[in-house]
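Asker: Sharing a structure, written as structure tokens. Questions coming.
Read-outs throughout are calculated quantities, based only on the coordinates presented, and are distinct from any laboratory measurement. On a predicted model such as this, the values are computed, not experimentally measured, just so you know. So basically every Cβ, Gly included, is an ideal-geometry build from the backbone, and we count neighbours across all protein chains shown.
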């Protein structure tokens, strides 16, 4: 199994502005989590939604921009017999296009 760390920059209205991946992919979940921790280091305000498996980071509570970050997993054909698409660990990814909480 492999993991990918994805991020999306959103405005206060919830409009997606930019997005991408952190690194090329990770073989172990703990490596992906370490990448998330490193990515979030410069943000003084970080919250986590464990039920939906995403983080929200902002420079301040008043910031107009926020970054959503999540980990996706990919099952390789060695474990399943077929290559599957990248899947979020939780369905919180859909939340990335919603308005930022106040």
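Asker: Find the relative contact order for segment 1-69 and round it to a whole percent, using C-alpha pairs within less than 8 Å whose residues are 6+ positions apart. Spell out each step's value before the answer.
Answerer: Details: 115 pairs, mean separation 23.1, N = 69.
Computed over segment 1-69, the figure is 33 percent.
Asker: Could I have the simple spin-label model distance between residue 49 and residue 21, label points 7 Å from Cα toward Cβ, reported in nm to one decimal?
Answerer: Modelled inter-label distance: 2.4 nm.
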